[in-house]
Amino acid sequence: MSPLVRALVHFTVFYTCIEGLVVNVLYPARLPFVYKDIVLVVVYVAVLLPNLHRVLGSSPLANRLNGALVLFIGLLAVYLAVPSPTTMISELVALKQRLFYVPLVIVGYYFVRSPDDVKHLFVMMTVYAIGCSAFGIYLFFTGPEGLRALGADYAAIFYTPTGPSDVSTWRVPGTFTSSGQYGAYLMFNAIVASALLLLPRLERRTRAIAAIALVSIVLAMLASGSRASIVLTTAAVAIALVLSGRLARLGVWGVAVYALLAYGFVVFGPGVEDRIGSIASAEHLERFQRTYFGQLFLPSLLEHPLGSGLGVATIGARHFSEFYQVVLMESYLGILAVETGWPGLLAFLFVAYAVGDLVVRHRRLMVGSPFGVLWLALAAYAVISLLILPISTSIDHAPSNFYFWLTIGIVIRLIEIEHWRLWELRESAVATAAGPVAAPLGHPRPSLP
C-alpha cells in the first residue's frame, strides 16, 4: 500500500468522525453524503487492482471467511436481478448498504504492516475523539441552537421521555446526524482508548491522550443519551480485560467509571441521570417483545421463504420508496430475512460464524502477544457487533459499517503477524542446532505492498 493510499485511509477514518456534521451544514446538498464513499472507491481500486491475483488467498487464516463472503456477495448480486416491489434505486441502496464497506476487510489487512500501524491509527482516533466529544458536550449546553448557528438544520432533534425527575433532555447528535450514530462512534472510540490504556509500556504522552479521550467520550455518551453505547462499551472492555487476564484491573476500572458517571450526573442534570438509570429497567424486555424483530422475523420467513426483494426493509432505501412498499424493521437479521429470506439470512450467518470462529480459534495465541490487547479490543468489538444484530441495524449504517469491516481485516492481519513473530523466535532459537523451522500458515512470509 503506497503512502498516498495510506494517507487516504487515514483521511476516511478522520472524515468518518465529522461526516454527519458536514452533511448537516451543507444540507440540502446531496454530494456530502458520498464524499467518503468516493474516496473509498479510490482506495479500493488502488488496493485491489495491484493485488487482485492474491486477494482471496492473501491469508490462509481467512479462507473460511473468504468463502462465506463470496457466497454472501454472490447471493445478493443474484437478488438484484429478482423483481422487487420497490424501485431500482431502493434496490441499489440496499445492495450498497450490505456490500459497499465489505472490501474494507482487504483494506484493513493490507493497511497493517506491523502492530505499530494499529497503535498509530488508535492514537490518531483518540485525538479526533477528544474534539468530537468536546463538541457533543458543547451542544448539550447550547441545545439545538448550537447546530443552527452553524447552519446545520438536517439533524433530527430527539428529546428523551420524562422520567422520575420530570425533566427531558436533548439527545445530542454531536458530529453526526443522529444521537444513535454518535453513540455508535463513541462506543468504538471508547474501546480504542481503553485498549491503548491497557497496552503495556505505553509512552506517557500517549497514555495521557488516551485517558483524556476516554473521559471526554464517557461524558459525551451521557450527553448523547445513548444507553446502548454505554452498555456495549462496558461489555467489550470487560471482555478484553477478562481475556487478557487482567482481572485485577476490573475493580479499578469499575471505581473510575462510577466516579466519572457520578460527576457526569452532577454536570448534566437529572434528565441524563434518569436516562442512564433506565438501563436497568424491565421496560427493555417489554420493548424487545414489541419490536418488529419479534413480530415479523419468523412470520416473514414462513410467508416469503425466499424473501420479498432488496430494498423492502433497508432503512436508507425507504427514502426512495412509497410507504406501502416498505416493511419497518429495526434488526439487521430481520432486514435480511425480509429481503432475501432464508438464503440471505443463512449466508450472512455463515459470515458471522466465520468471524466468530476466527476469534475463538486464535484467542489463546493473541492473549500472549505483546500487542494482544489491541487485538482483543477489536475482536471484542466485532463479536459484540454481531451478537446485537438480532435487535440492531448497527453494521447497516455509518459509522458502524465502516468500523466493523475495517476491524475484521486488521484482526486477521494481527493474527498473521503474531504467527510470524513466534516463528522468528523459534527459528532463531533452534536454527543452528536443528536446521530451519517450517514456515507457519503454509506459505512463505508475504511482503505487503
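The values are calculated or read from the model by the stated rules, or taken from the named source; none is laboratory data. Quick caveat, the model's predicted, so the values are computed rather than measured. Because the Cβ atoms are built from the backbone with ideal geometry, glycine has one as well, and the counts that use them run over all protein chains shown.
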note = Of those in region 1-20 that are surrounded by 13 or more Cβ atoms within 10 Å (Cβ to Cβ) and without any contact (Cβ under 8 Å) to a residue 60 or more places away in the chain, the residue farthest from residue 183 (Cα to Cα) is 5
ask   = Looking only at region 312-349, which residues are part of a helix (DSSP H, G or I), at pLDDT below 75 and among the hydrophobic types (A, V, I, L, M, F, W, C)?
value = 317, 320, 323
query = Somewhere in region 413-423, is a residue among the hydrophobic types (A, V, I, L, M, F, W, C), modelled with pLDDT under 85 and surrounded by fewer than 23 Cβ atoms within 10 Å (Cβ to Cβ)?
reply = yes
task = Give region 357-377 a look and list any residue that's aliphatic (A, V, I, L, M), without any contact (Cβ under 8 Å) to a residue 60 or more places away in the chain and surrounded by 14 or more Cβ atoms within 10 Å (Cβ to Cβ), or say none.
result = 359, 365, 366
task = Could you pull out the residue among 23, 70, 41 that is within 24 Å of the chain's Cα centre (by Cα) and surrounded by 14 or more Cβ atoms within 10 Å (Cβ to Cβ)?
result = 23
task = Within region 87-132, work out how many residues are touching a Leu at 6+ places or on another chain (Cβ under 9 Å), farther than 25 Å from residue 375 by Cβ and among the polar types (S, T, N, Q).
result = 1
note = residue 122 fails exactly one of (1) part of a helix (DSSP H, G or I); (2) modelled with pLDDT under 95; (3) surrounded by 19 or more Cβ atoms within 10 Å (Cβ to Cβ); (4) among the hydrophobic types (A, V, I, L, M, F, W, C), namely (2)
ask   = Would you call residue 211 of a type in the set (A, V, I, L, M, F, W, C) and at pLDDT 90 or above?
value = yes
request  = Say whether the condition of being within 28 Å of residue 350 (Cβ to Cβ), free of Cβ contacts under 8 Å to residues at least 60 places away in the same chain and assigned to a loop (DSSP other than H, G, I, E, B) is met by at least one residue in region 62-73.
outcome  = no
query = Can you name the residue in region 378-412 that is under 21 Å from residue 61 (Cβ atoms) and of a type in the set (Phe, Trp, Tyr) and, of all such residues, is surrounded by the most Cβ atoms within 10 Å (Cβ to Cβ)?
reply = 403
ask   = Here is a list of conditions, (1) of a type outside the set (D, E, K, R); (2) modelled with pLDDT of 90 or more; (3) under 25 Å from residue 97 (Cβ atoms), and residue 398 meets all of them except one; can you say which number that is?
value = (2)
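Okay, residues lined up against (1) part of a helix (DSSP H, G or I); (2) closer than 22 Å to residue 40 by Cβ:
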site	(1), (2)
79	yes, no
82	no, no
86	no, no
95	yes, yes
102	no, yes
126	yes, no
134	yes, no
139	yes, no
request  = Mind listing whichever residues of region 176-204 are closer than 18 Å to residue 116 by Cα, modelled with pLDDT of 90 or more and of a type in the set (A, V, I, L, M)?
outcome  = 191, 192, 193, 195, 196
query = Filtering region 171-191 down to residues that are under 11 Å from the mean Cα position of the chain (by Cα) and under 12 Å from residue 19 (Cβ atoms), which residue is surrounded by the fewest Cβ atoms within 10 Å (Cβ to Cβ)?
reply = 181
